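Shown below is the structure under consideration.
The values are calculated or read from the model by the stated rules, or taken from the named source; none is laboratory data. Being a predicted model, the structure only gives us computed values, none of them experimental. Every residue, glycine among them, receives a Cβ derived from its backbone with ideal geometry; neighbour counts consider all protein chains shown.
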């Protein structure tokens, strides 16, 4: 009898918390974009991916965050994190151009990406 009660409690407990089963689709999208950004960034630093790939995945990450119920400070923080990523990208690209490992056009693109990110921060995360 005791084991039957325990089984019922466990089953009812699992039915009562379906959200505990895993991340929401929106959360999974944010996580996937963050992982793709990390991969693109690593590949770009190794010279195996273009600079715009890193930018695209950072924006996709930000867009995924924008589609979550973020408001006020959380949305501004997501935009600020994107800016930090673009500042780091610009610094890495500037070094690569100085070393002759990347074309000057990459430096100009990275400067554009950083400036755009600064604008989004000024707008508190909005485009």
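Evaluate the following for residue 23: is it without any contact (Cβ under 8 Å) to a residue 60 or more places away in the chain, assigned to a loop (DSSP other than H, G, I, E, B) and touching a helix residue (DSSP H, G or I) at 6+ places or on another chain (Cβ under 8 Å)?
Yes: the conditions hold for residue 23.
Kindly indicate which of 108, 118, 90 is closer than 20 Å to residue 42 by Cβ, over 16 Å from the mean Cα position of the chain (by Cα), part of a helix (DSSP H, G or I) and at pLDDT 95 or above.
90
Rundown of residues vs (1) part of a helix (DSSP H, G or I); (2) under 14 Å from the mean Cα position of the chain (by Cα); (3) buried (at least 20 other Cβ atoms within 10 Å of the Cβ), yes/no style:
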site: 36; (1), (2), (3): yes, yes, no
site: 39; (1), (2), (3): yes, yes, no
site: 44; (1), (2), (3): yes, no, yes
site: 48; (1), (2), (3): no, no, no
site: 52; (1), (2), (3): yes, no, no
site: 58; (1), (2), (3): yes, yes, yes
site: 63; (1), (2), (3): yes, yes, no
site: 77; (1), (2), (3): yes, yes, no
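Which residues, counting only those in region 93-105, are buried (at least 20 other Cβ atoms within 10 Å of the Cβ) and outside any helix (DSSP H, G or I)?
102, the sole residue that qualifies.
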